[in-house]
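Accompanying notes for the structure given below.
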Amino acid sequence: MHAWESIQKTLNHIEENLGEEIQIEKLAEIAGLSPFYYQRLFTRLVKTSVRDYIKLRRLARSTIKLHDKTNRIIDIAMEYGFGSHVTFTRAFTKTYGITPSQYRSNAVSLQNFEKPDLLLGYIVINEGVPLISDGLVLEMNRKFLDKPINFLGVTGYYFFRSGKMLGEKTGVDTIGEIWDRFYNELPNIPYIPGGRWIGVSFKGDAPDNYSSYFIGAEIDKDDKDHNLTNWQLPMREYVVCGFESENHEQIIVSMGKAMKYTRFWLKKHGLTADGFFPEMYYKSKSDIVYTELWIPFKKRE
């Protein structure tokens, strides 16, 4: 068994027992490692300590419970092992920047530390061959876009932490707020019926430690609106990572996994992303959501 497989087994165990007491000694036994080496290997592969990971996953699960206002905050705290309302509130505020009560009242979007799928950091698939892992189906291909695609929408900024990707960071989801603005403006956009939507991270004119994020709907090239932002996906070659999610709620988790796998896949092929990071969303009549990451690339120096 590979080392990452041992850690993955314990990640599965943690996820199935978040409401129970979880002992590091038991996790080490499941992994077939000493507690000392298990904790070192876990931190290396998951990028946080075992105890912090358990706390972050419990907090992530608690956000679901907080949606139902019939659940008392003290009961949620006790269910996930925080011992008291004060301890839970302190941990929640440190992680997300708001209290559980504020989250319940404002219903903002949050970023959570998601359960990793370590397989995606070790298996290199060939182009055009689907990879199925932990509920995710993805496929890598290279495509040359021979005609630019035009979009019209809105732009905002989000705080950028180098080295942290979607599913590895916590806090209020400011990108979710930009999506809310887009949905509000959508009736004013002369979009192509059945056309694609796009979300793009790029530096642009964002302040230090921030990135710009554009969200738009596909339009004909002559459509303009001075109150909105035009953005064009340029003609060039891309590595495209296509993946399916079971529903709209699952798409954030799938997106984080696909981003991390694309970074790994590019590195293994001696490539690196080049300047901007588009996410392409396709309309669907079913609950299955199909999305593509279109990554412009260059050879790694």
Just the residues that are in a loop (DSSP other than H, G, I, E, B) and surrounded by 12 or more Cβ atoms within 10 Å (Cβ to Cβ), please, taken from the range 7-23. 17, 18, 19, 22
Scan the range 29-54 for residues that are of a type in the set (Asp, Glu) and exposed (fewer than 13 other Cβ atoms within 10 Å of the Cβ) and report the count. 0
How many residues, within the range 274-287, are under 18 Å from the mean Cα position of the chain (by Cα) and open to solvent by 70 Å² or more (accessible area, probe 1.4 Å)? 1
Name the one entry in 61, 90, 57 that is within 17 Å of residue 17 (Cα to Cα) and surrounded by fewer than 19 Cβ atoms within 10 Å (Cβ to Cβ). 61
Looking at 43, 63 in this structure, which one is closer than 21 Å to residue 173 by Cα and assigned to a helix (DSSP H, G or I)? 63
Answer with yes or no whether residue 37 is touching a residue at least 60 places away in the same chain (Cβ under 8 Å) and more than 23 Å from residue 174 (Cα to Cα). no
Only one of (1) at pLDDT 95 or above; (2) open to solvent by 30 Å² or more (accessible area, probe 1.4 Å); (3) farther than 21 Å from residue 110 by Cα does not apply to residue 4, and that is (1)
Could you please let me know if residue 26 is open to solvent by 50 Å² or more (accessible area, probe 1.4 Å) and at pLDDT 95 or above? yes
Exactly one of 265, 294, 197 is open to solvent by 20 Å² or more (accessible area, probe 1.4 Å) and touching a strand residue (DSSP E or B) at 6+ places or on another chain (Cβ under 6 Å), and that one is 197
Those residues of the range 197-211 which are modelled with pLDDT under 95 and either touching a His at 6+ places or on another chain (Cβ under 7 Å) or on the phi < 0 side of the Ramachandran plot (or both), in sequence order: 201, 202, 203, 205, 206, 207, 208, 210, 211
I'd like to check something: does the range 222-235 contain any residue that is within 25 Å of residue 60 (Cβ to Cβ), open to solvent by less than 90 Å² (accessible area, probe 1.4 Å) and of a type outside the set (A, V, I, L, M, F, W, C)? no
Given (1) at pLDDT 95 or above; (2) surrounded by fewer than 19 Cβ atoms within 10 Å (Cβ to Cβ); (3) under 18 Å from residue 224 (Cα atoms), number of the condition residue 142 does not satisfy: (3)
Evaluate the range 241-262: report whether one residue or more is open to solvent by less than 20 Å² (accessible area, probe 1.4 Å) and closer than 22 Å to residue 193 by Cα. yes
Those residues of the range 145-178 which are modelled with pLDDT of 90 or more and open to solvent by 40 Å² or more (accessible area, probe 1.4 Å) amount to 146, 147, 148, 155, 157
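The values are calculated or read from the model by the stated rules, or taken from the named source; none is laboratory data. Please read these numbers as outputs of a predicted model, since none were measured by experiment. Because the Cβ atoms are built from the backbone with ideal geometry, glycine has one as well, and the counts that use them run over all protein chains shown. For accessibility, only protein heavy atoms count, side chains too; no ligands or nucleic acids. Shrake-Rupley method; radii C 1.70, N 1.55, O 1.52, S 1.80 Å.
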